[in-house]
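What follows is one structure encoded as structure tokens, with my remarks underneath.
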Amino acid sequence: MRAAICRGIGDISVEDIDEPTPRAGEIKIKIAAVGVCHTDLSILAGHLPSPRPIVLGHEGAGVVVEVGPDVREFVAGDHVVCSIIGGCGRCRFCLTGEQPLCEETQFFTGKMLDGTTRLSQDGAPIHSLHYQASFAEYSIVPERFATKVDDEAPLDKVCGFACGVSTGIGAAMIRANVTPGSSVLVVGAGGVGCSAMLGARVKGATQIIAVDIAANKIARAKERGWATHVIDATDTDAIAAVFDLTGGHGVDYAFDAVGTSATAEVAIGATRQGGTCVIIGRADATVNASIATTHFLRHKWVTGTFGGSITPKVHIPQFVELYQQGRLDLDGLLDARYSFDQIATALDDLHHGRMTRGVIVM
Ligand SMILES: [Zn+2]
Ligand SMILES: [Zn+2]
């Protein structure tokens, strides 16, 4: 089968590898569509630790073609969206509703749950990103990392629920639990940030302020109706502008979808006293932000999220239904499509901010 292999920094190419077979508890998925996400980029650029060679890709969706022994939940023909979250169901975090913190999930090892690799080329092992490796014709995925979705759901749209889109929507709907009538700030109008705006809209926020330094991105957020107000931070003091727009209070909820020290400081600084700030993004693994401790004296809640804090098998079908009811504008979010052979172009476009959300259609 064909798979995009990353062998070194900046080095990714589509090659033929051995077609894998699912083992116990695993399913084999024919990938129909896979999103490109910043984590793929960060590994390709060497900003996150990873074994190589590795097949990247962690926003896959497709159709089950084979199930391994002991698989209970899926049969061939099921339409599925993968996820970066897949709780064991036994550890203290899974048992208390925090699957994103599952103690059995080990990222960046390139291995499957049993500690072995599943992919190979002429018998030589190749690693898999996040138990998925969906930059490939077929993925082998533990059933806990996949969610069955409606057969009618367009897989190129809903594949984003595997990571980026769920991260933004979940940050607003689940982690922050935005309340109706509230004010929201989103710093960063890329795919994750715009998804946070969509989640805030679903929850009934009435003022949604988008901040970015890319004029085209904030213009798009305004045109599509995702944001009610936009601030171009290249020539404006974003915190002062947010206070102006909120009667001098600051926003009820702020989201940093970028993850640099500067954007985190804007998000925390623009949160009203007693408000909630969620740091979603992580520009790279080494970023530190300095926080004035006076924010805490003002009862601000500052937290973060992994993957939007969703429980995939519960929330992904709900998100699909919201999309099908016209309440999540995934059609507007997806503004770039690529063939599998264009994967390097897709990652380069993401790196240079040339699209909001890009998907490879296999
Ligand atoms: Zn667990
Ligand atoms: Zn991702």
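Tabulated results
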{"read-out": "Index of the failed condition, GLU66 passing every other in (1) among the acidic types (Asp, Glu); (2) part of a loop (DSSP other than H, G, I, E, B); (3) out of contact with any Leu (no Cβ under 9 Å at 6 or more places or on another chain)", "value": "(2)"}
{"read-out": "Listing of helices (runs of 4 or more DSSP H) fully contained in the range 249-338 that carry 2 or more residues being hydroxyl-bearing (Ser, Thr, Tyr)", "value": "261-269"}
{"read-out": "Unmet criterion (only one of (1) surrounded by fewer than 16 Cβ atoms within 10 Å (Cβ to Cβ); (2) at pLDDT 95 or above; (3) within 16 Å of ligand 2 (Cβ to nearest atom)) for ALA45", "value": "(2)"}
{"read-out": "Selection count, the range 277-309, where residues are of a type outside the set (A, V, I, L, M), in contact with a helix residue (DSSP H, G or I) (Cβ under 9 Å, 6 or more places away or on another chain) and in contact (Cβ under 8 Å) with a residue 24 or more places away in the chain", "value": "14"}
{"read-out": "Odd one out for ALA76, checked against (1) among the small types (Gly, Ala, Ser); (2) part of a helix (DSSP H, G or I); (3) surrounded by fewer than 19 Cβ atoms within 10 Å (Cβ to Cβ)", "value": "(2)"}
{"read-out": "Tally of residues being crowded, with 24+ Cβ neighbours inside 10 Å and either in a strand (DSSP E or B) or of a type outside the set (Phe, Trp, Tyr) (or both) across the range 154-163", "value": "5"}
{"read-out": "Every residue from the range 111-153 that is surrounded by fewer than 24 Cβ atoms within 10 Å (Cβ to Cβ), within 23 Å of ALA32 (Cα to Cα) and among the small types (Gly, Ala, Ser)", "value": "SER120, ALA153"}
{"read-out": "Looking only at the range 99-108, and only at residues there that are part of a loop (DSSP other than H, G, I, E, B) and buried (at least 16 other Cβ atoms within 10 Å of the Cβ), the one that is nearest to ligand 1 (Cβ to nearest atom)", "value": "CYS102"}
{"read-out": "Qualifying position, being in contact (Cβ under 8 Å) with a residue 12 or more places away in the chain, away from ligand 2 (no atom under 16 Å from the Cβ) and either surrounded by fewer than 17 Cβ atoms within 10 Å (Cβ to Cβ) or outside the structural domain of MET112 (by TED's automatic domain parsing) (or both), among GLY62, GLY89", "value": "GLY89"}
{"read-out": "Number of positions in the range 281-305 that are at pLDDT 95 or above and under 16 Å from the mean Cα position of the chain (by Cα)", "value": "2"}
{"read-out": "Cβ-Cβ under 6 Å pairs, at least 6 apart or on other chains, the range 152-171 side closer than 13 Å to LEU334 by Cβ, far side within 11 Å of ligand 2 (Cβ to nearest atom) and assigned to a helix (DSSP H, G or I)", "value": "GLY164/GLY191; GLY164/VAL192"}
{"read-out": "Odd one out for GLY89 among (1) at positive phi; (2) within 19 Å of the chain's Cα centre (by Cα)", "value": "(2)"}
{"read-out": "The range 207-225, residues that are assigned to a helix (DSSP H, G or I) and among the β-branched types (Val, Ile, Thr)", "value": "ILE218"}
{"read-out": "Filtered residues of the range 176-205 (kept if surrounded by fewer than 24 Cβ atoms within 10 Å (Cβ to Cβ) and either in a helix (DSSP H, G or I) or not assigned by TED's automatic domain parsing to the domain that holds ASP244 (or both))", "value": "ARG201, VAL202"}
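The values are calculated or read from the model by the stated rules, or taken from the named source; none is laboratory data. Keep in mind it's a predicted model, so treat the numbers as computed, not measured. Cβ sites come from the backbone with ideal geometry, for glycine too, and all protein chains shown count toward neighbours.
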